[in-house]
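Asker: Here's a structure for you.
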Amino acid sequence: MGHWLHRNIVEPGKLPLLLALTAFVVTFLVTRVITRLIRAGKGPFGNISSGGVHIHHVVPGVILTVLGGFGAVASGRHGFGSAAFAVVFGVGAGLVLDEFALILHLDDVYWTEEGRKSVEVVVLTAALVGLMLSGFSPFGVNDMTQEELKDRGSVITTVLVNFLFALAVLLKGKTRMAIFSVVVPFVGIIGLIRLARPGSPWARRLYRRRPRARAKATLRAYRHDRRWAGPRRRLQDLIGGKPDPALDTARR
């Protein structure tokens, strides 16, 4: 195990990335446990306020992310400094993305239905960083040979083609597939072949005079959402806690 870690993580300079990912995931999980205890009125924890203003944990998260980011840039990929700043950055990113929905809506939606976006963004981020830690590079550069990497034209062409794949998938309304296709181009090919989601820019533009394609896309989206909505909600509830229906009603 030690030999594998040194050869695949330490030598290539991926230790800071591993430490940042670990700190990110652990911080998010610990934060969710603490906030759920506060919500239930259990334990010694409580909300932090100053002058009657509730201090959200995104505030120290932003500070730690900035410190860790600048420190990591200045310290390189090896040494104690890079590892320490990677942990600081991971902790800050975990605190910030745990309240991603608050930043998106500019409202305290932590325990509402909109607050589920925070959990989804954290899971997506962890998965993407995990893929990069496993050796995947953005836009398929990791699949090129040394000879191809030396040819600037080949690199630019590969990045451009895979970027266009990801952009096309995004226009089809498949946001998650588009994000993953940035590091795994094969996902983009699958998304490009499949029908666009109804209401997406692709569907509005290209299915306008194709009623059969529009109807088929609507039916496929309905079946997909019905199949996966339940498991997705249960996973989000398990990780982040169930939203409060009373808060959703009050906000309406």
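Asker: Which of the residues that make up segment 60-79 are touching a residue at least 12 places away in the same chain (Cβ under 8 Å) and farther than 15 Å from Gly90 by Cβ?
Answerer: Arg77, His78
Asker: Name the single residue that is modelled with the lowest pLDDT among those in segment 177-196 being open to solvent by 40 Å² or more (accessible area, probe 1.4 Å) and more than 13 Å from the chain's Cα centre (by Cα).
Answerer: Restricting to residues being open to solvent by 40 Å² or more (accessible area, probe 1.4 Å) and more than 13 Å from the chain's Cα centre (by Cα), the top hit is Phe186.
Asker: Do we have Gly81 as surrounded by fewer than 18 Cβ atoms within 10 Å (Cβ to Cβ) and not in a helix (DSSP H, G or I) here?
Answerer: no
Asker: Turning to a different aspect of this structure: Hey, can you tell me all the residues within segment 92-107 that are open to solvent by 60 Å² or more (accessible area, probe 1.4 Å) and either assigned to a loop (DSSP other than H, G, I, E, B) or of a type in the set (Ser, Thr, Tyr) (or both)?
Answerer: Leu106, Asp107 - these are the residues of segment 92-107 that are open to solvent by 60 Å² or more (accessible area, probe 1.4 Å) and either assigned to a loop (DSSP other than H, G, I, E, B) or of a type in the set (Ser, Thr, Tyr) (or both).
Asker: Tell me, which residue of segment 218-245 that is farther than 24 Å from Thr35 by Cα and in contact (Cβ under 8 Å) with a residue 12 or more places away in the chain is surrounded by the most Cβ atoms within 10 Å (Cβ to Cβ)?
Answerer: Ala221
Asker: Taking Phe89 as the residue in question, decide whether it is at pLDDT 90 or above and either in contact with a helix residue (DSSP H, G or I) (Cβ under 7 Å, 6 or more places away or on another chain) or open to solvent by 50 Å² or more (accessible area, probe 1.4 Å) (or both).
Answerer: It is true that Phe89 is at pLDDT 90 or above and either in contact with a helix residue (DSSP H, G or I) (Cβ under 7 Å, 6 or more places away or on another chain) or open to solvent by 50 Å² or more (accessible area, probe 1.4 Å) (or both).
Asker: Still on this structure, please answer the following. With (1) over 22 Å from Ser118 (Cα atoms); (2) modelled with pLDDT of 85 or more as the list, and Pro60 as the residue in question, which single condition is left unmet?
Answerer: With (1) over 22 Å from Ser118 (Cα atoms); (2) modelled with pLDDT of 85 or more applied to Pro60, the lone miss is (1).
Asker: Can you list residue pairs whose Cβ atoms sit under 6 Å apart, with the first residue in segment 27-54 being under 17 Å from Leu95 (Cβ atoms) and in contact (Cβ under 8 Å) with a residue 24 or more places away in the chain and the second being open to solvent by less than 80 Å² (accessible area, probe 1.4 Å) and in a helix (DSSP H, G or I)? Count only pairs 6 or more apart in sequence or on different chains.
Answerer: Qualifying pairs under 6 Å: Thr27/Val91; Thr27/Gly94; Phe28/Gly94; Phe28/Asp98; Phe28/Val122; Thr31/Asp98; Arg32/Gly240.
Asker: Checking the structure you have, find out if any residue of segment 14-26 is touching a helix residue (DSSP H, G or I) at 6+ places or on another chain (Cβ under 6 Å) and under 24 Å from Arg233 (Cβ atoms).
Answerer: Yes: segment 14-26 contains one or more residues that are touching a helix residue (DSSP H, G or I) at 6+ places or on another chain (Cβ under 6 Å) and under 24 Å from Arg233 (Cβ atoms).
Asker: Return yes or no: is Leu19 closer than 23 Å to Val183 by Cα, open to solvent by 50 Å² or more (accessible area, probe 1.4 Å), more than 16 Å from the chain's Cα centre (by Cα) and modelled with pLDDT of 90 or more?
Answerer: Yes; evaluated as a whole, the condition is true for this residue.
Asker: Do we have Ala215 as under 23 Å from Leu124 (Cβ atoms), among the small types (Gly, Ala, Ser) and surrounded by 12 or more Cβ atoms within 10 Å (Cβ to Cβ) here?
Answerer: No.
Asker: Exactly one of these conditions fails for Thr112: (1) without any contact (Cβ under 8 Å) to a residue 40 or more places away in the chain; (2) of a type in the set (S, T, N, Q); (3) under 23 Å from Arg234 (Cα atoms). Give me its number.
Answerer: Thr112 satisfies every listed condition except (1).
Asker: Since Ser181 meets every condition but one in (1) among the small types (Gly, Ala, Ser); (2) without any contact (Cβ under 8 Å) to a residue 24 or more places away in the chain; (3) in contact with a Lys or Arg (Cβ under 6 Å, 6 or more places away or on another chain), which condition does it not meet?
Answerer: (3)
The values are calculated or read from the model by the stated rules, or taken from the named source; none is laboratory data. Only a predicted model underlies this, so the values are computations on that prediction, with no experimental measurement involved. Please note: Cβ atoms are built from the backbone with ideal geometry, for glycine as well, and neighbour counts cover all protein chains shown. The area values use the complete protein model at the heavy-atom level, side chains included, leaving out ligands, DNA and RNA. Shrake-Rupley method; radii C 1.70, N 1.55, O 1.52, S 1.80 Å.
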